[in-house]
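Remarks on the structure that follows.
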Amino acid sequence: MQIPQPPLAVAAGNPDDQLNIRIAWYYYVTHMTQQQIADHFGITRVRVNKALATCRETGLVQFRINSPLASCVALEHALQARFGLQRATVVPSPEDPAQIFRVLGVGVAPTVEAQLRDGCTVAVGWGRTLRQAVRELEARSLPRLTVLSLLGGLHYGSANNTVEIASSLAGLFGGAYYYLAAPVFAPSETYRDMILAEQSVRAVLGQAREADLALLTVGDLTERSLMLELGLVDPASAQSLRDAGAVGDLLGRWLDRDGREVDHPFNRRAVGLSLEDLAHIKKVVLVSGGPYKADIIRAVLGRGLVHELVIDEAAALRLAEG
C-alpha cells in the first residue's frame, strides 16, 4: 500500500482534500481505527469511511501486491510467445465489470513508472483505462518530462479527454504537456487535411513520432464503447463500421480482425498520429481488457505495433484460445 505525494494542486487544495489525506494517513500508516480517527477529528465514522473510499478511488491511496498468480504468469508467457511481445502483464479480472479500469490501472502503473525518467517524452491516447492508470502512478519530480497527446479530443472538459489525461500525467511529475487543438474526427477529409497541415499540430505529432514511450488503450464497438457513450460515434455509424468489418479502434483508426484499417469515412477523418508513425516510437505499451475487447486487442497485437501489454485474465484467455 502506498500513499503517494499528491500533485501540487491537491496538496494545496480545499479543506476536504486535506482532511481525506490526513484520514488516510492515520488509518493506513499509524493504524488508527476508524472510530479513533472519527473521535480525533470530531466527525462521524461514516465520514471517515467515505474519505477512505474517496482516497482509493482517486488514486491518493494505492495498493501493490508483489506476488504473481501462477495462472496469470502462464498466460503472460503464452502471450509473449504468440505475439512477439517484450513483456506481458496479466492481472486477475474483477468480479464487477465496472472495476476493470481500476484493475488495469493498478496493473500498468509499475510498467509506466519503470519507464519514466527526467527528460523523456511520453505520448498518450485517451479513455477510462488511461485515466485510471494515471491515478495509480506515484508522483515524483521529473521537471523535464514532456507529455504529448496522440489524437484530437473533445470540445468540452472530461476526465477521459486527451487534454485532461496529458495534463494530469504531466502534473504528477511537474512536466510539460502538449495536445492537439482539434477534434478526434474532423467534419470532412478536407478539414482533416487542413488540421494536420497546421503548424502546432505538425509540431506535436512530430515530437510524438520520436517519443520514448507511448501509453495506449483500444476501443470496442459494443454498447460499452466510450466513443458511443460520448456521442463521437452514433448508433447508425457504429453499425456501418461493423458492416465494414471493424471490431474496434486504436487512436481513432478502426480496424478489422486482421488489424487492417477498414474502408470507412471515419478513418479518413481521424485526427492523430497514424499507425504507421506509431511504429517508430521506442516503446509502445498497450493497456486494455475485458473479454469484449479481445478482438480489437488481438487485431492490434497482430500488427506488431506493441512492445508491452497489460491485460486482464479473462481477455488474456480469449487471446490465448483464439
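Once fully extended, how much extra length lies between Gln36 and Ser240, figured as 0.36 nm per residue of separation less the alpha-carbon to alpha-carbon distance?
67.6 nm
I want to make sure I understand the PRE zone here: with the label point 7 angstrom from the Cα of Ala203 toward its beta carbon, which residues in region 172-186 have backbone N atoms less than 13 Å away?
Answer for this model: 177-181.
Of the options Ala244, Ala70, Asn49, report the single residue whose Cα projects farthest towards the positive end of the charge dipole of the chain (beta-carbon charges: Lys, Arg +1; Asp, Glu -1).
Result: Asn49.
For a quick check, take a GNM of the chain with Cα springs below 10 Å and name the residue from Asp243, Asp258, Asp295 with the largest mean-square fluctuation.
Asp243
Projected onto the charge dipole of the chain (+1 at Lys/Arg Cβ, -1 at Asp/Glu Cβ, origin at the Cα centre), which of Gly289, Asn160, Leu60 gives the Cα projection farthest towards the positive end?
Farthest towards the positive end: Leu60.
Out of residues 5 or more away from Val147 or on other chains, whose amide H comes under 5 Å of its own, with H placed 1.01 Å from N in the peptide plane?
Val122, Ala176, Tyr177, Tyr178
Determine, from the Cβ-Cβ distance of Ala98 and Gln18 and an R0 of 45 Å, the FRET efficiency 1/(1 + (r/R0)^6), rounded to the nearest 0.05.
0.95
Where the centroid of each part is defined by its Cα atoms, how far is region 217-235 from region 246-322 in Å?
Between the Cα centre of region 217-235 and that of region 246-322, the gap is 15 Å.
So what are the ³J(HN,Hα) numbers for region 187-197, from phi and the Karplus equation (6.51, -1.76, 1.60; θ = phi - 60°), rounded to whole Hz, Gly and Pro as x?
x, 8, 5, 4, 5, 4, 5, 5, 5, 5, 7
Dipole size in debye (nearest 20) for the chain around its Cα centre, Lys and Arg Cβ +1, Asp and Glu Cβ -1?
Roughly 540 debye for the chain.
List the residues, sorted by chain then number, that are 5 or more residues from Ala214 or on another chain and whose placed amide H is less than 5 Å from its amide H.
Ala123, Lys283, Val284, Val285
With runs of 4+ DSSP H residues as the only contributors, calculate the mean residue ellipticity of the chain at 222 nm using -39,500 (n - 2.57) per run, divided by the residue total and rounded to the nearest 500.
Computed ellipticity for the chain at 222 nm equals -13500 deg cm²/dmol.
Mind giving me the FRET efficiency for Ile43 and Ala114? R0 is 51 Å, r the Cβ-Cβ distance, nearest 0.05 is fine.
Here the calculated transfer efficiency is 0.85.
Looking only at Lys283, Lys293, Lys50, which one moves most when the chain is put into a Gaussian network model with springs between Cα atoms under 10 Å?
Lys50
Hey, can you rank 124-134, 187-197 by average C-beta count inside 10 Å, highest first? Walk me through the numbers before you get to the answer.
Details: 124-134: 25.1, 187-197: 13.4.
With the highest mean Cβ count within 10 Å placed first, the list reads 124-134, 187-197.
Relative contact order of region 91-136, please, whole-number percent, based on alpha carbon pairs below 8 angstrom and at least 6 residues apart.
After rounding, I find 51 percent.
Which one, Arg209, Arg303, Arg135, has the greatest fluctuation when you compute a Gaussian network model over the chain with C-alpha springs under 10 angstrom?
Looking only at Arg209, Arg303, Arg135, the largest GNM fluctuation is found for Arg303.
So for region 8-58, averaging the separation of alpha carbon pairs under 8 Å that are six or more residues apart and normalising by length, what relative contact order in percent results? Numbers along the way, then the final one.
Working: 34 pairs, mean separation 17.2, N = 51.
Relative contact order for region 8-58 comes out at 34 percent.
Would you please give the residues with an amide H less than 5 Å from that of Gly290, counting only those at least 5 places away or on a separate chain, with H modeled from the backbone geometry?
Sorted by chain and number, the residues that satisfy this are Asp312, Ala315.
Three principal axis extents, largest first, for the C-alpha atoms of region 8-58, in Å?
Its Cα atoms span 29, 19, 17 Å along the three principal axes.
Using only the Cα atoms, what convex hull volume per residue in Å³ does the chain have?
Hull volume over Cα atoms, normalised by residue count, gives 138 Å³.
How charged is the neighbourhood of Arg318? Take every other residue with its Cβ under 11 Å from the Cβ of Arg318, and add Lys/Arg as +1 and Asp/Glu as -1. Please report the intermediate quantities before stating the final value.
Values: positive: Lys293, Arg298; negative: Asp295, Asp312, Glu313, Glu321.
With Lys, Arg at +1 and Asp, Glu at -1, the neighbours total -2.
Let me check against my output: what whole-number percent is the relative contact order of the chain, with C-alpha pairs under 8 Å and at least 6 apart?
Relative contact order here is 18 percent.
We did not get these values from a lab; they are worked out from the coordinates using the rules stated. This structure is a prediction, so every number in the text was calculated from the model and none was measured. Glycine also receives a Cβ, built like all others from the backbone with ideal geometry; neighbour counts cover every protein chain displayed.
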